[in-house]
Amino acid sequence: MTCCVTRRFQFCAGHRLVDHEGKCAHLHGHNYVAFVTCQAPELDAVGRVIDFSVIKQVIGDWINKAWDHKMILNLDDDQGIAAVKALGDPYYPMMCNPTAENMASEMLQVADGLLSEQHRITVTKVVLWETENCYAEVNAQ
């Protein structure tokens, strides 16, 4: 039997999509909601996959430091990076466009690295809501 738990996170961040054909080509922001799903091969002595507060601390700390109230930009986005740097604002560099799909994938990789290293927990899925109507879902392979 495999058990899973999911923790919800909220954060605000901005981004810009290089070569986008519409409004997302401009710097703008969203109120994101992320759901991070974790699994363990067995429950701990208390009967849990992992304590929800541990997920909150580990993943929440990373979100707060890396993404919350920051611009998330493609490393190839010279224009966006220059604009943010001119304001003296912080940004998070990604190797690709910060679409909801790519951000969910990045979050899954980072979260899995942090939780598997420290707590032997596997992150199996991230669902990232960019707006009230749109989300991306990434599952571990």
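Taken together, the values in this text are just the output of simple stated rules run on the coordinates, not laboratory data. Everything numeric in this text was worked out from a predicted model, so none of it was measured. Quick reminder, even Gly has a Cβ in these numbers, built from the backbone with ideal geometry, and neighbours come from all protein chains shown.
Straight Cα distances below 22 angstrom link Lys85 to the lysines Lys23, Lys65, Lys70, with same-chain residues fewer than 8 positions distant left out.
Of the peptides 44-56, 10-22, the ranking by mean beta-carbon count within 10 Å, highest at the top, reads 10-22, 44-56. Largest first and in whole Å, the equivalent-ellipsoid semi-axes of region 71-122 read 28, 12, 7, each the square root of five times a Cα gyration tensor eigenvalue.
Within region 25-126, the GluC sites (Glu not before Pro) that combine a DSSP coil assignment with at most 16 other C-beta atoms in a 10 angstrom radius are Glu42. What separates the Cα centres of region 11-75 and region 91-123 is a distance of 8 Å.
Expressed as a whole percent, the proportion of Cα-Cα pairs in the chain lying more than 21 Å apart is 43%.
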